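Comments concern the structure below.
The values are calculated or read from the model by the stated rules, or taken from the named source; none is laboratory data. Nothing here was measured: the structure is a model prediction, and the numbers come from that model. For neighbour counting, all protein chains shown are included, and Cβ atoms are generated from backbone atoms with ideal geometry for every residue, glycine included. In case anyone asks, the SASA skips ligands and DNA or RNA and just uses the protein heavy atoms, side chains included. Shrake-Rupley method; radii C 1.70, N 1.55, O 1.52, S 1.80 Å.
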Amino acid sequence: MAKDLVQDTFFSGLKSARNFEGRSSEKTWLTAILKRKVIDHYRKINSKKGQAEVHVNFYNDGENEGNWLEERVPQRWSASLEKNLENEELKAQLDSCIDNLPEKYAMVFRMKTIQEFDTQEICKELEITAFNLWVIIHRARTQLRKCMEDHWFNI
Amino acid sequence: MLKKLTLTCNEATTICDKSQYNEATFLEKMRLTVHFLYCKLCKRYTKQNLLLSSCYRNKSESIKRENYALTTEEKETLKQALHKQTYK
């Protein structure tokens with residue numbers, strides 16, 4: 001996917017080369033086009049309906065509404081595993097947990113946490129409200145916590 | 001009145017997630033602190049969340065450090081593809 005976007009960028013660059021005014025370097029100019037392509041790619045994912053299963057961590061209604069579901073309560077983690085965070089296996093496990101998220105959650109989580117886009121920028125490009133963004137981030141992070149607990153910290 | 005001041009665990013952990021990006025408001029952080037007084041689970045969630053945040057940060061940094069580049073063959077294929085698209 002990343003390679004396709006790079007190819008697209010060069011192609012767009014060539015096509016509109018005569019609009020290039022030389023006020024910035026070619027590299028800056030092409031990077032700006034690439035950033036646009038990345039955002040367009042995310043918008044395309046965003047417009048698809050989420051298919052993957054969403055795990056709920058809290059009671060949705062009743063008198064316990066908003067409380068932790070018993071089977072999703074955070075467990076104590078093994079202290080020895082908490083120390084070694086600069087670990088390649090841990091990074092791989094993290095990747096696989098992120099990939100297990102519904103596509104839209106994974107996308108918003110990556111944009112915000114890994115690529116460090118601004119909240120405002122994500123909201124604008126994906127046409128969601130800040131409130132929505134935090135709901136998505138919250139669901140993604142609670143689900144990731146559970147996944148990392150099951151596969152890493154609780155063994 | 002009390003209902004307005006107290007948070008559910010769902011709301012508390014949402015604020016906790018927000019504060020991982022330094023985007024929780026002062027009032028939200030206050031309400032979270034009050035919630036911790038009687039909720040050990042959310043306190044544990046917060047501790048684990050901090051730990052996970054540093055994992056995510058490590059990951060983000062290692063991605064930025066890495067030098068991604070196409071291989072020579074890939075560059076050649078790209079050149080040919082561009083050539084074809086430009087002169088078709």
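Here are the numbers for this structure:
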{"item": "Test: residue in region A:9-19 that is of a type in the set (A, V, I, L, M) and more than 14 Å from chain B (Cβ to nearest Cβ)", "result": "no"}
{"item": "Test: residue A:96 is without any contact (Cβ under 8 Å) to a residue 60 or more places away in the chain and in contact with a His (Cβ under 9 Å, 6 or more places away or on another chain)", "result": "yes"}
{"item": "Number of the condition not met by residue B:72 [criteria: (1) surrounded by fewer than 17 Cβ atoms within 10 Å (Cβ to Cβ); (2) free of Cβ contacts under 8 Å to residues at least 24 places away in the same chain; (3) of a type outside the set (A, V, I, L, M); (4) within 11 Å of chain A (Cβ to nearest Cβ)]", "result": "(4)"}
{"item": "Number of positions in region A:9-29 that are within 15 Å of residue B:74 (Cβ to Cβ) and open to solvent by 70 Å² or more (accessible area, probe 1.4 Å)", "result": "1"}
{"item": "Residues satisfying the stated conditions in region A:59-100, i.e. at the interface with chain B (Cβ under 9 Å from one of its Cβ atoms), of a type in the set (Asp, Glu) and over 14 Å from residue A:154 (Cβ atoms)", "result": "A:65, A:86, A:95"}
{"item": "Pair list, Cβ < 9 Å and 6+ apart or interchain, from region A:72-84 residues that are in a loop (DSSP other than H, G, I, E, B) to residues that are among the hydroxyl-bearing types (Ser, Thr, Tyr)", "result": "A:74/B:45"}
{"item": "Unmet requirement for residue A:52, which otherwise passes all of (1) modelled with pLDDT under 80; (2) within 9 Å of another protein chain (Cβ to nearest Cβ)", "result": "(2)"}
{"item": "Verdict on residue A:24 being more than 12 Å from every other protein chain (Cβ to nearest Cβ), among the hydroxyl-bearing types (Ser, Thr, Tyr) and in a loop (DSSP other than H, G, I, E, B)", "result": "yes"}
{"item": "Within region B:19-57, tally of residues that are part of a helix (DSSP H, G or I), within 25 Å of residue A:94 (Cα to Cα) and open to solvent by less than 40 Å² (accessible area, probe 1.4 Å)", "result": "12"}
{"item": "Residues within region B:68-88 that are under 35 Å from the mean Cα position of the chain (by Cα) and acidic (Asp, Glu), tallied", "result": "1"}
{"item": "Tally of residues being open to solvent by 30 Å² or more (accessible area, probe 1.4 Å) and within 11 Å of another protein chain (Cβ to nearest Cβ) across region B:59-69", "result": "5"}
{"item": "Some residue of region B:4-12 being within 10 Å of another protein chain (Cβ to nearest Cβ), of a type in the set (A, V, I, L, M, F, W, C), in contact with a His (Cβ under 6 Å, 6 or more places away or on another chain) and outside any helix (DSSP H, G or I)", "result": "yes"}
{"item": "Considering residues of region A:105-121 that are farther than 16 Å from residue B:60 by Cβ and out of contact with any Lys or Arg (no Cβ under 8 Å at 6 or more places or on another chain) only, the residue nearest to the other protein chains (Cβ to nearest Cβ)", "result": "A:120"}
{"item": "Pairs, first farther than 9 Å from residue B:12 by Cβ in region B:25-47, second open to solvent by 100 Å² or more (accessible area, probe 1.4 Å) and in a helix (DSSP H, G or I), C-beta under 7 Å, six or more apart", "result": "none"}
{"item": "Filtered residue count, region A:30-47, keeping only those that are in contact with a helix residue (DSSP H, G or I) (Cβ under 7 Å, 6 or more places away or on another chain) and either open to solvent by 60 Å² or more (accessible area, probe 1.4 Å) or part of a loop (DSSP other than H, G, I, E, B) (or both)", "result": "1"}
{"item": "Members of region A:109-125 that are part of a helix (DSSP H, G or I) and at pLDDT 90 or above", "result": "A:109, A:110, A:111, A:112, A:113, A:114, A:119, A:120, A:121, A:122, A:123, A:124"}
